[in-house]
1. Scan the stretch B:3-11 and give yes if some residue there is without any contact (Cβ under 8 Å) to a residue 24 or more places away in the chain and either more than 14 Å from chain A (Cβ to nearest Cβ) or within 30 Å of residue A:146 (Cβ to Cβ) (or both), otherwise no.
2. May I ask you to verify whether residue B:62 is modelled with pLDDT under 95 and either part of a loop (DSSP other than H, G, I, E, B) or over 29 Å from residue A:168 (Cα atoms) (or both)?
3. From A:153, A:185, A:136, which residue is modelled with pLDDT of 95 or more, within 14 Å of another protein chain (Cβ to nearest Cβ) and part of a strand (DSSP E or B)?
4. Would you check if there is a residue in the stretch A:94-111 being within 14 Å of another protein chain (Cβ to nearest Cβ) and closer than 25 Å to residue B:61 by Cα?
5. Kindly indicate the residue of the stretch A:77-89 that is more than 16 Å from residue A:128 (Cα to Cα) and surrounded by fewer than 16 Cβ atoms within 10 Å (Cβ to Cβ) and also farthest from the other protein chains (Cβ to nearest Cβ) among those meeting that condition.
6. Here are the criteria: (1) assigned to a loop (DSSP other than H, G, I, E, B); (2) within 18 Å of residue A:32 (Cβ to Cβ); (3) modelled with pLDDT of 95 or more. Tell me which single one residue A:193 does not satisfy.
7. If I ask for residues that are within 9 Å of another protein chain (Cβ to nearest Cβ) and over 12 Å from the mean Cα position of the chain (by Cα), which ones from the stretch B:12-25 would you list?
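The values are calculated or read from the model by the stated rules, or taken from the named source; none is laboratory data. Predicted model only: the values in this text are computed from it and were never measured. Please note: Cβ atoms are built from the backbone with ideal geometry, for glycine as well, and neighbour counts cover all protein chains shown.
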């Protein structure tokens, strides 16, 4: 509010003033992580784009050529190296890309998607501020998530590379298993503080030695 | 707790879904020609079936798509899951061709038999002490 009186703030300074939804928990994530057992961190400001398009339409195929394919079934993820497309619904997808892909940092992903959609039926919406990203990694990551998730997270059922929209700790999140022991969670910004503290609480028992 | 087979996402917990009320309630062709009673009956009057009941569900935290479900209101057995806009399947028939959810049967039978009996025993069987301990916990949340 007060800064509006000072026109000296540059574009870059505005970017540096950004505060991620779980920034206040950064120190807690450091101390709450148990090295080599389960570690939690926030990956701030990833570029996310909400896509709504019919895969089989012309516009869908044009968009797919930009993203490197659109996933066909629940849980599947497609995309090229650092740009991933997560399946959210039959005609709804979430594009996740590094923060440099955002137009505020010179990226061209969103413009390319808009151009590919053209006047076809669908939408391309910049949702980078909608969700934040938590990364939970370590041998105990699955045990932490199982405290508040009704999905079967066993590796025989949930393979690495699967992304599912579900609830964790009663919070609607997109859960993406990026590696054998690595999960990415996408909670909405307003739920980030709660989910961060919930995860820290769920991780706390693994800091003490296991009771046989 | 029901285990509901979403046509898009497979078996998921009941907490991920929202109930949409009775299915197959058509919007009146000429709403202006209805009198107040008929309009009120369209808006508010729904069947209160004992037995197989066709209802709408929304997978709100998953694929966010609506679908229809044929559920027994007594045993909670899910008899069929079928897409919006398709007619109600036979009450006796299990799963119609267009659903394509083959894994429906084991889910519905396990939850269907377990759910009513456990709720019945937990309410009547437990004494006052567990109920009094749960009440303040819910109040603090």
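1. At the first step, the residues of the stretch B:3-11 found to be without any contact (Cβ under 8 Å) to a residue 24 or more places away in the chain are none.
No, the stretch B:3-11 contains no residue that is without any contact (Cβ under 8 Å) to a residue 24 or more places away in the chain and either more than 14 Å from chain A (Cβ to nearest Cβ) or within 30 Å of residue A:146 (Cβ to Cβ) (or both).
2. Here the answer is yes, as residue B:62 does meet what is asked.
3. Working: A:153 fails: part of a strand (DSSP E or B); A:136 fails: within 14 Å of another protein chain (Cβ to nearest Cβ).
Selected residue: A:185, the only one of A:153, A:185, A:136 that is modelled with pLDDT of 95 or more, within 14 Å of another protein chain (Cβ to nearest Cβ) and part of a strand (DSSP E or B).
4. yes
5. A:81
6. Single failed check for residue A:193: (1).
7. Matches in the stretch B:12-25: B:12, B:13, B:16.
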